[in-house]
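The block underneath contains the structure these notes are about, expressed in structure tokens.
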Amino acid sequence: MAEVEKKTENLVYAKPKLITDNVMHYCPGCSHGTVHKLIAEVIEEMGLAEKTVGISPVGCSVFAYNYIDIDWIEAAHGRALAVATAVKRLYPQNMVFTYQGDGDLSAIGTAESIHAAARGENVVAVYINNAIYGMTGGQMAPTSLPNQVTQTSPYGRDVSTAGNPIRVSELLNALDGPAYIERVCVDTPKNVRKAKKAIKKAFQNQIDGVGYSFIEVVSTCPTNWGMTPQDAFEWMRVNMLPYYPLGVVRDVTADGFANAAEAASARNAACPIAHPEAVSEGGN
């Protein structure tokens with residue numbers, strides 16, 4: 001009897017090896033799982049598994065260490081970028097990134113977030129913006145939209161008392177420290193590919209010493225929004241994307257600079273104290 005030829009499997013897609021077999025606790029329709037997968041794929045493809053350190057603080061993202069098989073540090077609520085700063089300065093050869101929600105990075109962690117960006121720390125921040133506090137029951141977040149109903153704004157966010165939402169990407173763009181800021185989404189295959197490209201660019205920036213990179217992911221929270229996954233994605237497209245438009249907010253390398261420091265130097269070229277060498281050359 002003739003032997004049957006065994007053909008190699010034509011594998012076109014597989015779960016990233018760095019994603020563990022643990023059952024994810026995220027709710028159906030939540031964007032966290034997709035972003036986890038993209039981060040794991042990027043780390044694998046770039047060969048960084050043995051040198052990457054992730055920092056996850058309090059919130060739905062706190063259990064990221066259960067799902068991506070790399071070294072992790074759990075930071076106190078809001079302090080992830082302070083911890084990332086310490087890790088990167090102590091171990092500059094490592095790839096260091098934070099994985100934070102909007103209630104963490106842009107609320108209790110506002111100071112750490114802004115100052116790490118202002119200093120131009122050579123780390124990556126992945127920021128999940130779902131316009132609400134997820135883990136703790138659905139309270140109003142700094143990113144909750146005007147008139148959005150939450151547990152602590154049952155009649156909708158009143159901007160006359162709570163103020164307007166914080167557009168964190170645009171806020172950080174006012175600083176000289178960041179090298180790369182992009183806002184992405186993972187609601188469609190096309191947007192998932194764009195999000196992965198942005199994450200990969202941010203990681204490559206860190207390797208190249210370009211400076212601080214910030215990836216904002218506009219996301220859903222079907223459970224706390226009180227919607228089905230399908231309705232949550234549609235609500236996000238109709239309401240969140242006009243307020244938080246997708247796209248590159250800053251990219252110093254695309255502007256022709258080698259890094260954020262060079263771009264900052266060009267922006268403050270007219271300041272004498274910032275450029276004493278120019279004053280000296282001019283004989284003043």
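Each residue in the range 58-114 was checked for being closer than 21 Å to THR136 by Cβ and of a type in the set (Lys, Arg), and 1 pass.
Please tell me if GLY103 is in contact (Cβ under 8 Å) with a residue 24 or more places away in the chain, at positive phi and of a type outside the set (Asp, Glu). Step through it out loud before you land on a result.
Values: in contact (Cβ under 8 Å) with a residue 24 or more places away in the chain: yes; at positive phi: no; of a type outside the set (Asp, Glu): yes.
No, not satisfied.
When residues in the range 142-188 are screened for being part of a helix (DSSP H, G or I), hydroxyl-bearing (Ser, Thr, Tyr) and without any contact (Cβ under 8 Å) to a residue 40 or more places away in the chain, 2 of them pass. Looking at the range 233-251, which of its residues are more than 15 Å from the chain's Cα centre (by Cα) and of a type in the set (Phe, Trp, Tyr)? Within the range 233-251, PHE233, TRP235, TYR243 qualify. A count restricted to the range 18-54 and to residues that are under 30 Å from ARG89 (Cβ atoms) and either open to solvent by 90 Å² or more (accessible area, probe 1.4 Å) or not in a loop (DSSP other than H, G, I, E, B) (or both) stands at 17. Being open to solvent by less than 80 Å² (accessible area, probe 1.4 Å), under 23 Å from HIS115 (Cα atoms) and not aromatic (Phe, Trp, Tyr) is the requirement here; does ALA14 meet it? Answer is no for this residue.
Take the conditions closer than 20 Å to THR143 by Cβ and modelled with pLDDT of 95 or more and apply them to GLU121. Does it pass? No: the conditions fail for GLU121.
Of the residues in the range 215-227, not one is under 20 Å from ALA116 (Cβ atoms), of a type outside the set (S, T, N, Q), out of contact with any strand residue (DSSP E or B) (no Cβ under 8 Å at 6 or more places or on another chain) and touching a residue at least 24 places away in the same chain (Cβ under 8 Å).
Being open to solvent by less than 70 Å² (accessible area, probe 1.4 Å), more than 21 Å from ILE39 (Cβ to Cβ), over 14 Å from the mean Cα position of the chain (by Cα) and not hydroxyl-bearing (Ser, Thr, Tyr) is a property that does not hold for ALA254.
The values are calculated or read from the model by the stated rules, or taken from the named source; none is laboratory data. Predicted model, so just to flag it, every value in this text is computed and none were measured. Here Cβ is always computed from backbone atoms with ideal geometry, including for glycine, and neighbour counts include all displayed protein chains. Ligands, DNA and RNA are excluded from the accessible area calculation, which covers all protein heavy atoms including side chains. Shrake-Rupley method; radii C 1.70, N 1.55, O 1.52, S 1.80 Å.
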